[in-house]
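One structure below.
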Amino acid sequence: MTTATETETATAASKPAGKPIAAGAGGRARRLLGAAFAALVGLFLLAPVLVTIASSLTTTSYVTFPPKGLTLHWYAELLNRPEFLDSFLLSIGVAAGAAVVSTALGLAAGLAIHRYPFPGKSVLDRLFSSAFAVPTIVLGIGLLQWYAQLGMASSPLTLLLAHLVLTVPYTVRLVLAGLAGLDRSAELAAAGLGAKAPQVFWHVTLPAVRGPLIAGAFFALITSFDDLTIALFVVTTDMQTLPVRIFNYLQYNYDPTVTAVGTVMVLFAAVAVVIIERVVGVAHLFGADPEH
Amino acid sequence: MAATARVADGTALSPDGSAPTPGVPKPVRKRGPWRTGLLLASPAIAVLALLFIAPLFMLVYNSFRTQAGDPTLHNYTRFLGDSFYRDVLWHTLWIGALTTLGCLVVGYPFAVYLRGRSPRARNYLSLVLLSPLLISMVTRAYGWLVLLGPKGPIADGFHALGLDAPKMLYNDTAVVVGMVHVMLAYMVLPLMGSLDRIDPALAPAAKGLGASGWTCFWRITVPLSLPGMLAGSLIVFSLTVSSFVTPAILGGPTVKLMPYFVYTEATSNLNWPYAAAIGFVLIVVTTILTAVYARLLRGRGGKEVFA
Amino acid sequence: MTAGTDTVGKETVPAGSDTATRAGSTRGRLVLKGIHKALGGKEVVRGIDLTMEPGEFLTLLGPSGCGKSTTLNMVAGHLLPDSGVVEVDGRDITRLPANRRAMGMVFQSYALFPHMTVAENIAFGLRMRKVGAARRRRRAAEALELVGLDGMGERYPRQLSGGQRQRTALARALIVEPDLLLLDEPFSNLDAQLRVRLREEVAALQRRVGTTTILVTHDQDEALAVSDRIAVMAEGAIHQLDVPETVYLRPATDFVAQFVGEVNVLDGVAAGAAAEGHRCWIGDTHLVTATPVGTAPGDGEAVRLYVRPEAVRVLAIPEAVSGKGRSASTSAHTAAEPGLPGTVEATRFLGTRVRCVVATAAGRIEATLPFGSEVPGLGEEVICAWQPQHASLTARP
């Protein structure tokens with residue numbers, strides 16, 4: 001009897017307190033569910049890269065995951081294939097060129113759009129945003145026919161020029177965002193403090209777009225380096241960029257050499273991403289506590 | 001004739017103070033007001049004109065020519081008159097629709113999840129989200145070849161459970177999985193943008209009026225994030241139907257979409273006018289479809305959401 | 001109590017006596033002659049003439065779009081006038097670019113360089129003048145001390161409060177020892193309390209360093225509190241340029257009267273000069289006096305009077321007649337002093353003051369009675385009176 005009463009009192013007492021606990025448990029369950037879902041999506045997003053990296057280390061002569069044993073044999077194998085090295089050098093050269101040129105063009109065009117009136121400015125602005133939307137395959141075939149019309153033979157230069165269409169809109173956009181964050185009166189203040197026009201640009205304007213410029217340059221670098229669709233139309237069999245080389249290799253081969261090349265490309269992209277992240281971070285932290 | 005003019009305190013009176021205008025007029029340069037701008041923009045204008053607009057005009061022009069260069073409509077009548085190519089077009093649009101749907105189903109909860117995270121966590125998750133766009137599409141597609149292959153880890157999983165693994169490679173499934181993987185960021189980023197714009201006081205306000213969590217989600221969060229959904233869907237759809245590499249690698253010989261024919265006509269058959277026509281049909285159909293979609297969604301979402 | 005909102009208690013100072021050259025200031029005499037400027041096809045400055053003495057603190061006061069910022073930017077060299085001349089210490093600098101003028105400007109947004117530390121920001125002007133690093137550091141430290149930011153030199157602008165940023169901007173402007181200090185709405189981004197404190201600090205600092213200063217603001221309290229003289233601007237022109245007391249108590253135009261505070265407006269007919277001020281008929285039977293702005297009107301001319309509520313005294317009639325005894329006013333009153341009779345219609349307690357509304361034959365007159373005065377009862381017959389120098393008389397527009 002006493003036990004029953006005790007249980008009753010215990011239940012009665014726990015009831016009001018029970019509710020928030022239940023809600024807390026529900027909240028925790030929901031948070032866990034959310035985290036599990038996010039982890040799944042993350043796995044989905046990263047899986048292909050992780051698999052590529054892992055299977056490049058396999059000792060088997062065919063691609064398999066998980067890899068059987070661990071070896072760097074396939075990376076050594078790469079050195080015996082000069083065509084991959086040539087392609088890598090071509091790709092990196094074109095990418096570096098595209099990065100430098102599109103950064104310069106992006107800075108100039110961004111400045112022009114941001115602060116000078118000129119005829120056709122709004123058209124230019126709109127073209128920069130629509131250049132993202134045109135399918136690269138259509139652009140590729142268009143460039144193929146246009147270059148033929150102009151009688152321009154395939155060369156690293158034609159490829160670089162083609163890549164500018166992909167990269168310049170991004171650098172312009174980044175520069176514009178940087179300039180939008182610049183207080184125009186800071187430039188007037190600098191002039192008022194005795195700075196000549198080039199000094200104003202160097203000390204005030206350029207620092208405001210430095211982050212966007214570096215991020216834009218590295219974005220252009222990997223966009224050009226990774227591009228396949230445009231390159232497929234613009235290159236010849238003698239001049240193949242690394243993605244084109246892999247794409248063609250894949251048609252006939254299925255060995256871990258490709259995963260080794262892929263891993264090299266991923267590492268290359270990762271370096272660029274870290275730099276972009278750093279720079280954008282620096283831009284975000286402009287004026288923030290250095291101790292943080 | 002006396003009147004009392006009542007003027008409030010200076011602060012309230014002047015609209016000047018309430019709207020802190022930058023107030024600094026741009027210095028007007030007397031000579032050539034637009035010369036500097038044009039000079040600075042000219043290299044970029046040249047790039048766009050010579051490498052973007054001119055090739056596209058070239059393409060449209062060539063699509064109305066025979067291979068010998070005579071004017072013709074044959075390229076279009078050939079495409080539209082052939083049920084094989086019409087099926088290719090439908091198949092392409094179908095893959096585009098499935099990918100868009102897939103991105104919405106995966107991306108919406110992900111965007112909602114990101115919304116509640118700390119800026120730091122958001123930053124890292126965004127990096128993961130963007131990673132497929134930052135690595136070579138060849139590497140990416142190759143990874144899926146391994147994952148979805150008959151001896152891949154997913155098939156192994158089925159076998160471990162004593163089941164027959166379904167065919168996962170060289171079919172629509174493989175293409176859609178590969179495309180959702182790349183396109184997810186294009187869906188999630190605009191969604192995050194419109195979710196961020198929702199006044200955080202709305203949900204507590206609705207709950208205070210008696211709405212449950214779900215009602216709140218369906219009646220407030222979803223309608224207010226329609227602009228993001230719209231923008232995301234449009235980008236994902238248009239980019240998917242014009243993708244070449246991922247479908248070519250993961251679709252194998254059975255899944256042949258519009259971009260594949262653009263490529264083969266241009267490079268293998270060397271029929272440039274026909275390749276141009278297929279490319280142009282793709283652009284036109286995509287433009288029409290996205291316009292219709294935008295209008296439909298706009299009608300449902302109500303004007304105020306898009307105002 | 002902040003200065004300016006309630007100036008009745010103060011003695012009005014005749015123009016000029018407070019604008020005397022500050023001790024030590026011999027530099028920074030600014031002259032503007034016939035300045036015109038159109039922006040975007042609209043004429044925003046239409047003929048500004050202005051002379052400032054070395055060390056003077058002048059405020060351009062006016063609503064948004066009145067041309068005050070444009071005028072300041074022409075002084076700074078950020079804008080070129082369409083016509084007119086800008087002179088500093090007798091030198092024509094109209095066409096001199098901003099970087100070759102010696103102007104220290106503080107912007108509304110402060111315009112600090114976000115990627116430089118506070119010390120680097122402050123020393124920027126010296127760096128442009130090729131001053132050596134060691135000297136720059138020392139001078140920056142001095143400037144930081146001057147504005148009360150000692151030890152903050154290594155911080156970045158983002159780490160500062162609004163007030164600290166404002167002080168940094170001020171130090172940056174002053175370090176180059178400019179001919180003129182130009183302040184473009186420098187307090188408008190601060191909260192109300194800080195605004196009052198900082199404007200007092202800036203005014204005190206200006207008096208200490210003696211730099212000729214122009215402040216642009218839309219805030220009448222601010223203008224009244226800190227300026228030697230105020231130029232009230234509207235639609236690109238100066239409506240009145242005078243010491244704060246005069247601008248407040250004897251506005252020259254409708255615009256000035258209404259922009260600078262609350263005002264009673266009375267229309268009447270001029271009736272000749274009196275011992276003090278000028279007489280004028282309100283209606284047919286009541287004679288009042290006020291001080292003419294500019295040339296005195298001829299007899300019978302239509303005139304307009306402006307009287308601030310603070311300047312109006314409400315007097316009980318018996319006392320008004322006898323000139324003794326119970327009075328609603330704190331100051332003495334003589335029967336000879338003219339006024340407007342009326343009935344008290346409403347009284348409102350405003351904390352530090354009492355607002356009293358009197359219905360007269362000429363309409364409602366509002367009066368602000370100082371704290372502690374005896375408040376007349378509702379319906380009581382009273383007379384509204386004021387000292388002639390507390391009301392302005394202008395030609396009726």
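The values are calculated or read from the model by the stated rules, or taken from the named source; none is laboratory data. Computed from a predicted structure; not experimentally measured. Here the Cβ positions follow ideal geometry from the backbone for every residue, glycine too, while neighbour counts run over all protein chains shown. These area figures cover heavy atoms from the full protein model, side chains too; ligands, DNA and RNA do not enter into them. Shrake-Rupley method; radii C 1.70, N 1.55, O 1.52, S 1.80 Å.
A few remarks follow.
- Test: residue in region B:130-153 that is in a loop (DSSP other than H, G, I, E, B) and of a type in the set (A, V, I, L, M): yes
- Screening C:Val263, C:Val176 for residues that are touching a residue at least 24 places away in the same chain (Cβ under 8 Å) and either open to solvent by 10 Å² or more (accessible area, probe 1.4 Å) or of a type outside the set (A, V, I, L, M, F, W, C) (or both) leaves exactly one candidate, C:Val176.
- Any hit, region C:292-310, residues being in contact with a helix residue (DSSP H, G or I) (Cβ under 6 Å, 6 or more places away or on another chain), open to solvent by 10 Å² or more (accessible area, probe 1.4 Å) and not in a strand (DSSP E or B): no
- Taking region A:45-77 as the range and being under 25 Å from B:Val175 (Cβ atoms) and open to solvent by 50 Å² or more (accessible area, probe 1.4 Å) as the test, the residues that pass are A:Leu46, A:Leu50, A:Ile53, A:Tyr62, A:Phe65.
- Residue in region C:108-129 that is acidic (Asp, Glu), over 28 Å from C:Met52 (Cα atoms) and outside the structural domain of C:Gly77 (by TED's automatic domain parsing) present: yes
- Matching entry among C:Val147, C:Val118, C:Val131 (being more than 13 Å from every other protein chain (Cβ to nearest Cβ) and of a type in the set (Val, Ile, Thr)): C:Val147
- On inspection, C:Asp184 fails the criterion of being modelled with pLDDT of 90 or more and within 19 Å of C:Ala123 (Cα to Cα).
- With respect to the conditions (1) part of a loop (DSSP other than H, G, I, E, B); (2) touching a residue at least 12 places away in the same chain (Cβ under 8 Å); (3) surrounded by fewer than 19 Cβ atoms within 10 Å (Cβ to Cβ); (4) not assigned by TED's automatic domain parsing to the domain that holds C:Lys37, C:Arg158 lacks only one, and its number is (1).
- Any chance B:Leu89 is within 29 Å of A:Leu250 (Cβ to Cβ), open to solvent by 50 Å² or more (accessible area, probe 1.4 Å) and of a type in the set (A, V, I, L, M): no
- Checking each residue in region C:212-254 for being within 21 Å of C:Gly34 (Cα to Cα), part of a loop (DSSP other than H, G, I, E, B) and open to solvent by less than 10 Å² (accessible area, probe 1.4 Å) picks out only C:Gly236.
- For region C:288-320, a residue qualifies if it is farther than 15 Å from C:Val382 by Cβ and small (Gly, Ala, Ser), and the qualifying residues are C:Ala290, C:Gly294, C:Ala296, C:Gly298, C:Gly300, C:Ala302, C:Ala311.
- Qualifying positions in region B:193-212 - free of Cβ contacts under 8 Å to residues at least 12 places away in the same chain and either among the basic types (Lys, Arg) or surrounded by fewer than 15 Cβ atoms within 10 Å (Cβ to Cβ) (or both): B:Asp199, B:Pro200, B:Ala201, B:Pro204, B:Ala205, B:Lys207, B:Gly208, B:Leu209, B:Gly210, B:Ser212
- Residue within region B:53-62 that is at the interface with chain A (Cβ under 7 Å from one of its Cβ atoms), open to solvent by less than 60 Å² (accessible area, probe 1.4 Å), farther than 30 Å from A:Thr171 by Cα and not hydroxyl-bearing (Ser, Thr, Tyr) present: yes
- Pick from region C:87-140, criterion touching a residue at least 40 places away in the same chain (Cβ under 8 Å) and among the acidic types (Asp, Glu), ranking: most open to solvent (accessible area, probe 1.4 Å): C:Asp89
- Test set (1) within 9 Å of another protein chain (Cβ to nearest Cβ); (2) in contact (Cβ under 8 Å) with a residue 24 or more places away in the chain; (3) of a type in the set (S, T, N, Q) - B:Gln67 fails condition number: (1)
- For region A:100-107, the condition holds for at least one residue, the condition being that it is open to solvent by 30 Å² or more (accessible area, probe 1.4 Å) and within 27 Å of A:Asp183 (Cβ to Cβ).
- Of the criteria (1) of a type outside the set (A, V, I, L, M, F, W, C); (2) open to solvent by less than 40 Å² (accessible area, probe 1.4 Å); (3) more than 7 Å from every other protein chain (Cβ to nearest Cβ), which one B:Pro166 fails: (2)
- Just so you know, in region C:230-257 the residues that are farther than 22 Å from C:Leu183 by Cβ and over 13 Å from the mean Cα position of the chain (by Cα) include one that is nearest to the other protein chains (Cβ to nearest Cβ), and it is C:Asp254.
- Flag for A:Ala186 being under 19 Å from A:Gly110 (Cα atoms), in a helix (DSSP H, G or I), at pLDDT 90 or above and within 13 Å of chain C (Cβ to nearest Cβ): yes
- Screening A:Tyr170 on (1) more than 18 Å from the chain's Cα centre (by Cα); (2) more than 9 Å from every other protein chain (Cβ to nearest Cβ); (3) open to solvent by 50 Å² or more (accessible area, probe 1.4 Å); (4) within 30 Å of B:Tyr263 (Cα to Cα) shows it passes everything except condition (1).
- Residues located in region A:122-146, provided they are at the interface with chain B (Cβ under 7 Å from one of its Cβ atoms), assigned to a helix (DSSP H, G or I) and without any contact (Cβ under 8 Å) to a residue 40 or more places away in the chain: A:Leu124, A:Leu127, A:Val138, A:Gly142, A:Gln145, A:Trp146
- C:Ala257 vs. criteria within 15 Å of C:Ala391 (Cα to Cα), buried (at least 19 other Cβ atoms within 10 Å of the Cβ), in contact (Cβ under 8 Å) with a residue 24 or more places away in the chain and among the small types (Gly, Ala, Ser): yes
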